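Report on the following structure.
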Amino acid sequence: MTYRIAGIDVHKKMLAVGVADIASEGEYQFVRRTFSTTPDQLNALGQWLLEQEVQEVVMESTAQYWKPVWEALERRWKPVCEKQRGANPMSGTLHLAQAKSNRARGGRKNDFVDAERLIKRYVAQELVLSFVPCPEQRLWRTVTRRKQQCVRDRVRWQNQLEAFLEEAHIKLSSLVSDLLGQSSRRMLQALAEGETNAAVLAAMADRGLRATPAQLCDALGAASELNPVYRQLLKMSLQELKLIEEQIRDLDQAISGLLAQHRDAVQRLAEVPGLGPDSAQQIIAEIGPAAAAFPSAKDLASWVGVCPGDEISAGRPMGASRRKGIATCGGF
């Protein structure tokens, strides 16, 4: 009885595919074929794997180039393979191997040899496999990670804005706790639009602001002789910050819609001290609403990368640093 596994060495423009029957005795006999990474060729790859009666596929996590290959096989090859006569529980399974675990000795590189080595090391259980969630959860991850990037961009732009104001001799950040608060925004917007009177700018502050009008006038004193180019640059910065904040609000709405059926799980997780709705949504997007892919809490902690390890040599504990989680090393 045959049991065929395919190994795919992934590149940006081409795929090197090897297929072997691991149930045969002796050395594996490989069938080789190359495909490009266009949509038509990816569909052809799925059809060819069906013709070869491949039961499992293991591929290398090369940058982001493996993702369209995975999604094409998930749509075209996996459902058919699972329903074929004689299918077993592993039929139609896709595996994603971290590239480092399939590295050749001495750094030698050969596309087909690399694909065939994937099969050999997978059978020998020597590969480090990444967790790839279902398509729905991958969409959650895409949206939450995009929002996280926007939040980082907002912080970066706020820091750049503060540095820019210091260069323009506007010392507003020394008096307000939030440079992007309502009071600061009104003053900065008026400054960008051409206001030169420091007293008029200071009068735009809320009454609850701790800084006195005199202090604000002193901090905004350079407004009377501010170069028009600085005003233009300030206006551009405020416009970009506004766009980022609009994107964050849109992404918030999108995430709420995508996780609507898991609202109870989000609320329970958000009640954990130190977390909130945003953190809860991000955690669920990464591990799923029930973390069903992880057999135990230890497996989850290891995957996240928060286990420092317990290494001992000659009876003495060795320094153990936490590694980067597998979630960011090849996963969707």
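What to note about this one:
- If you sort the three axes of the alpha carbon gyration tensor as a ≥ b ≥ c, you get a/c of 1.5 or more for the stretch 216-278 and a/b no higher than b/c, which makes it oblate.
- Secondary-structure-derived ellipticity at 222 nm for the chain, considering helices only, amounts to -15000 deg cm²/dmol, per-run term -39500 (n - 2.57) for DSSP H runs with n ≥ 4.
- Burial ordering of R263, R4, fewest other beta-carbon atoms within 10 Å first: R263, R4
- Overall form of the stretch 1-114 per C-alpha gyration tensor (a/c, 1.5; a/b vs b/c): oblate
- Over 21 Å (Cα to Cα) - which of K13/K67; K147/K235; K13/K78; K13/K83; K100/K298 fall in this group: K147/K235; K13/K78; K13/K83; K100/K298
- Cβ-defined net charge surrounding M14, 12 Å radius [Lys, Arg +1; Asp, Glu -1]: +1
- Packing order of peptides 65-76, 40-51, highest average first: 65-76, 40-51 (average count of other Cβ atoms within 10 Å over each peptide's residues).
Coordinate-derived values only; no laboratory data. Just so it is clear, the structure is predicted and the values come from calculations on it, not from any experiment. Because the Cβ atoms are built from the backbone with ideal geometry, glycine has one as well, and the counts that use them run over all protein chains shown.
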